Amino acid sequence: MTGLNWDQALSAVGGDRSLLAEVLQAFLEEVPVLRQRMVSGVSVGDWLAVAKATHTLQASLRLFEGQPLELAQALESSCKRGTSDESRDRFAKFAACLENVVGEVEAYLRGT
């Protein structure tokens, strides 16, 4: 697990748990589409598509700060440089981290 910073996330929405739940639900709805764009982009070497999808995910990941955001930023950066091997490696790390984030968000929402 990534150990998401829930205090940071709650602070980012002014302590409004209802708003946080809405933001997290929207994140869960967009992840499958953006993940598919990343997978498709990686498979054909379309690093701009991967960078765009990763950038979009960063908006939600900023709620938590930390490793998920850092991995997304590193992936976007390598994609923009067009470094295929580095981008593939970073994508693998970010994809695994994203799965953990999704699991933690789902668990959080079940508990609210």
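Could you grab the relative contact order for the chain? Cα pairs under 8 Å, six or more apart, rounded to a whole percent. Write down the numbers at each step before the final one.
Values: 108 pairs, mean separation 35.7, N = 112.
Across the chain, relative contact order equals 32 percent.
A full extension of the chain between residue 21 and residue 55 corresponds to an added length of 10.1 nm, given 0.36 nm per residue minus the alpha carbon distance.
Ligands, DNA and RNA left out, the 1.4 Å accessible surface of the stretch 63-112 is 47% carbon and sulfur atoms. Each 5 Å bin from 0 upward holds the following percent of the Cα-Cα pairs of the stretch 1-104: 2, 14, 25, 24, 17, 10, 6, 2, 0. Annotation: for a label point projected 7 angstrom from Cα along Cα→Cβ of residue 6, no residues of the stretch 24-51 have a backbone N closer than 13 Å.
The values are calculated or read from the model by the stated rules, or taken from the named source; none is laboratory data. It should be emphasised that the depicted structure is a prediction, and the values quoted were computed from it without experimental measurement. Every residue, glycine among them, receives a Cβ derived from its backbone with ideal geometry; neighbour counts consider all protein chains shown. All accessible areas refer to the heavy atoms of the entire protein, side chains included, with ligands and DNA or RNA removed. Shrake-Rupley method; radii C 1.70, N 1.55, O 1.52, S 1.80 Å.
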